[in-house]
Structure formats: C-alpha cells, structure tokens
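In what follows, a structure is listed as structure tokens, so that the remarks can point back to it.
The values are calculated or read from the model by the stated rules, or taken from the named source; none is laboratory data. Here the structure is a predicted model, which is why all the values come from computation and not from measurement. Cβ sites come from the backbone with ideal geometry, for glycine too, and all protein chains shown count toward neighbours. Side chains are part of the model used for accessible areas, which takes the heavy atoms of the whole protein and leaves out ligands, DNA and RNA. Shrake-Rupley method; radii C 1.70, N 1.55, O 1.52, S 1.80 Å.
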Amino acid sequence: MWATRTFLGDLLRGHPKIRSRWRKLPPGQIAAIVLAVLRHDQRLADLAGGNHISATTVRPWGPELIELLAARVQRLERALKKSAERVATPS
C-alpha cells in the first residue's frame with residue numbers, strides 16, 4: 001500500500017493542474033484517501049470528516065487520479081511493445 005500511495009502522491013506532485021497551493025492536504029494523504037474510496041468503498045463524507053475537509057473537496061480527487069493513471073497506461077503500453085520487439089528480433 002505504501003508504494004502505491006507514494007506512486008500516486010508523486011503523480012499528484014508532478015502534475016501542474018493538480019499541484020496547487022489551494023490543496024487542503026498533501027499529495028500523499030490525498031492518494032491515501034482516494035485509495036480508501038476505491039478499494040474499500042469508504043464513504044466520502046466519513047473520510048472527509050476524519051481529515052477535517054468537506055466531501056465536496058474529496059469528490060474530484062478520484063477522477064483526477066484515475067485520469068493521471070490512464071495517461072501513464074498509454075506510455076506503458078508503448079514501452080512494453082518496444083521491449084517485446086527488441087526481444088523478438090535479437091541482434
């Protein structure tokens with residue numbers, strides 16, 4: 001879980017739209033909340049209240065992180081394809 005949380009936190013830190021001084025919580029904590037919502041189906045209001053923020057603040061974080069992960073999938077697919085091509089054609 002910690003590696004996933006760190007990975008997602010790094011994605012948030014590196015994204016200019018999401019990296020904002022107006023964020024209520026640090027990226028690692030945002031990642032932990034999104035993971036709890038996605039994995040354990042926790043209610044937004046419960047997680048928000050426990051972190052002293054509103055559910056309205058938490059609501060857009062899930063789709064934002066999913067968009068960031070989806071953008072990385074395309075690059076991963078290209079890298080895997082290139083790797084497979086290199087293995088298939090030995091030098």
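Please go through the range 40-88 and pick out each residue that is on the phi > 0 side of the Ramachandran plot and either touching a Lys or Arg at 6+ places or on another chain (Cβ under 7 Å) or open to solvent by less than 50 Å² (accessible area, probe 1.4 Å) (or both).
none
Just name the residue that is farthest from residue 73 (Cα to Cα) out of those in the range 1-19 that are at pLDDT below 80 and either among the aromatic types (Phe, Trp, Tyr) or open to solvent by less than 50 Å² (accessible area, probe 1.4 Å) (or both).
So, considering only residues that are at pLDDT below 80 and either among the aromatic types (Phe, Trp, Tyr) or open to solvent by less than 50 Å² (accessible area, probe 1.4 Å) (or both), the one farthest from residue 73 (Cα to Cα) is 2.
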